[in-house]
Amino acid sequence: MVPTEIYSKAGRALLGVALLLAVLGLASGPRLGELPQSWHDEKGLPVALSAHLGRPVVLTMAYASCHRICPATIGALKRLQADFDARGRSADFVIVGYDPAHDDAATWREYRALHHLDRANWSFLGGSRADTERLARALGFEFWNYDEHVMHDSRVVVFDAAGRLVAAADPAQPGWAAAF
């Protein structure tokens, strides 16, 4: 057996993600085009997730009035975007709202402006409660309502350009983006 010391940190992270994918069965998980498709963007225009086919997609779920987990997740995605820029990589960043009753197009437009998320490859989507729940279940996003809050964890999933789910990670964990 080869000692793990010879592997780089990135190599160990990739190996860990590959093993996690195998254990969780994500390598054969849902494809982007098989997920609920009826969404609207921050302009109020209809959007299908399949419109992102042909480019890698980094997807997370959030809600605009979250004060803890979502800002940390969005911050991690902004750093991932900067890392992609530095490496000459591109991807679409898609944020789907957990709270369809409150995260409407106007709310997401305000959120984008407040957080300086004006790049064209970032999309903020909302949809029906049923589609939101189906998407969350299919991709392993746990959430529930508690009083006026949406309780949830931090999770990011990545699809390749063909729409295959290739990775899932918790951006609160060190080295989470190494596999991307």
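A short reminder: the numbers here are calculations on the coordinates, not readings from a lab. Model, not experiment: these values are computed from the prediction. Methodologically, a virtual Cβ is constructed for each residue, glycine included, from the backbone with ideal geometry; neighbour enumeration extends over all protein chains shown.
Once you have a ≥ b ≥ c as the square roots of the Cα gyration tensor eigenvalues for segment 29-179, tell me rounded if a/c is under 1.5, and otherwise prolate or oblate according to whether a/b is larger than b/c.
Rounded.
Amide H neighbours of ASP92 under 5 Å, at least 5 residues apart or on other chains, H built in the peptide plane: list them.
Here VAL57, VAL58 satisfy the definition.
Given R₀ = 25 Å, what would the calculated FRET efficiency be for ALA162 paired with ARG109, taking r from the Cβ atoms and rounding to 0.05?
Step by step, r from the Cβ atoms, then E = 0.20.
Using DSSP, restrict attention to beta bridges with both residues in segment 29-179 and report what percent are antiparallel, rounded to the nearest 5.
65
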